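Student: After the structure tokens below, expect a handful of questions from me.
The values are calculated or read from the model by the stated rules, or taken from the named source; none is laboratory data. These numbers were taken from a predicted model, which means no experiment stands behind them. Glycine gets a Cβ as well: all are built from the backbone with ideal geometry, and neighbour counts include every protein chain shown. Ligands, DNA and RNA are excluded from the accessible area calculation, which covers all protein heavy atoms including side chains. Shrake-Rupley method; radii C 1.70, N 1.55, O 1.52, S 1.80 Å.
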Amino acid sequence: MNRTLPLFPLKLVAFPYQNLNLHVFEPRYKDLISDCIENKSTFAIPSYVKNKVEYGTEMEIREVTKKYEDGKYDIKTRGKRIIKVLDMENPYQSKKYAIGAIEEIPNKNNGDVLLKEEIYEAVQEMYDLVEVDNRQLSMDFQIFDIAHQIGLSQEAEYELIQITEERQRQRFVLDHLKVLLPKLRDVQRAKELIQMNGHFRKYNPPQEF
């Protein structure tokens, strides 16, 4: 389905179902948010990652936590779905901001239970290695729920939002974790060796001597 949305490009990747707090201070985007509030409409955050505006996420405004006297906003938003910007006019007619024709990218929720369990165990180990509190991770997660918490680069996050099937996203994340975990284990071993330096240790000599 093709339609138009106001565009708020940012150098980040927003995911569907993600809560994102924004402090809006630029004049054109203050107008954009004001119009969305007045019209009870959504807007899009295209990810300005590769010096172009293409893939991003449609966002809904959940709450205006503060409106400043000079028109700035503190808002709470939440991602709805992945979109692709097909065309845009910047600025749009009498507006200060851009509006673009967008395509809604379909999402196939076909996650694999075994892949999910493998990812869960890998993420738990990663959190243990980096000493991060992992109590919020539960087995009912989707990949978009954890995408910001597993050490993906911004470019990798941008690749992730272009994947339209949960099972493919699972494989993408699992491949990333299989590369990351050995590096973290090496760091942990180095850390343990550094901590042991200067302490008495028991050494077993080789049997042939």
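Student: Of everything in the stretch 59-90, what is open to solvent by less than 70 Å² (accessible area, probe 1.4 Å), farther than 22 Å from Val13 by Cβ and in contact with a Phe, Trp or Tyr (Cβ under 8 Å, 6 or more places away or on another chain)? Give them in sequence order.
Tutor: Val64, Lys72
Student: Restricting to the stretch 156-188, give me the number of residues that are outside any helix (DSSP H, G or I) and surrounded by fewer than 16 Cβ atoms within 10 Å (Cβ to Cβ).
Tutor: 3
Student: Out of all the residues in the stretch 118-141, which are out of contact with any Phe, Trp or Tyr (no Cβ under 8 Å at 6 or more places or on another chain), of a type outside the set (Val, Ile, Thr) and in contact (Cβ under 8 Å) with a residue 12 or more places away in the chain?
Tutor: Result: Glu118, Ala122, Gln124, Glu125, Met126, Leu129.
Student: Okay, next question. Checking the conditions here, which among Ile45, Ile33 is part of a strand (DSSP E or B) and either in contact with a strand residue (DSSP E or B) (Cβ under 8 Å, 6 or more places away or on another chain) or at pLDDT 95 or above (or both)?
Tutor: Ile45
Student: Suppose we filter the stretch 132-155 for residues that are farther than 20 Å from Lys84 by Cα, in a helix (DSSP H, G or I) and in contact with a helix residue (DSSP H, G or I) (Cβ under 9 Å, 6 or more places away or on another chain); how many remain?
Tutor: Of the residues in that region, 3 qualify.
Student: With the condition kept exactly as written, say whether any residue in the stretch 50-57 is of a type in the set (Ser, Thr, Tyr) and either in a helix (DSSP H, G or I) or without any contact (Cβ under 8 Å) to a residue 60 or more places away in the chain (or both).
Tutor: No, every residue in the stretch 50-57 fails to be of a type in the set (Ser, Thr, Tyr) and either in a helix (DSSP H, G or I) or without any contact (Cβ under 8 Å) to a residue 60 or more places away in the chain (or both).
Student: Here is a list: Asp87, Asp70, Asp74. Which entry is free of Cβ contacts under 8 Å to residues at least 24 places away in the same chain and part of a strand (DSSP E or B)?
Tutor: Exactly one of Asp87, Asp70, Asp74 is free of Cβ contacts under 8 Å to residues at least 24 places away in the same chain and part of a strand (DSSP E or B), namely Asp87.
Student: Looking at (1) surrounded by 15 or more Cβ atoms within 10 Å (Cβ to Cβ); (2) closer than 21 Å to Ile105 by Cβ, find the lone condition where Ile33 falls short.
Tutor: Condition not satisfied by Ile33: (2).
Student: Might you check whether a residue that is under 20 Å from the mean Cα position of the chain (by Cα) and under 24 Å from Phe144 (Cβ atoms) occurs anywhere in the stretch 63-73?
Tutor: The answer is no, given that none of the residues of the stretch 63-73 is under 20 Å from the mean Cα position of the chain (by Cα) and under 24 Å from Phe144 (Cβ atoms).
Student: Quick one: Asp112 ticks every box in (1) of a type in the set (Asp, Glu); (2) in contact with a Lys or Arg (Cβ under 6 Å, 6 or more places away or on another chain); (3) open to solvent by 70 Å² or more (accessible area, probe 1.4 Å) bar one, so which box is it?
Tutor: All conditions are met except number (3).
Student: Here's something else I'd like to know. Give all pairs with beta carbons closer than 6 Å in which a residue from the stretch 145-156 that is in contact (Cβ under 8 Å) with a residue 24 or more places away in the chain and more than 12 Å from Val132 (Cβ to Cβ) meets a residue that is open to solvent by 20 Å² or more (accessible area, probe 1.4 Å) and assigned to a loop (DSSP other than H, G, I, E, B); count only pairs at least 6 apart in sequence or on separate chains.
Tutor: Gln154/Val49
Student: Condition (residue is buried (at least 16 other Cβ atoms within 10 Å of the Cβ) and not in a strand (DSSP E or B)) applied to the stretch 98-107: is it met by at least one residue?
Tutor: yes
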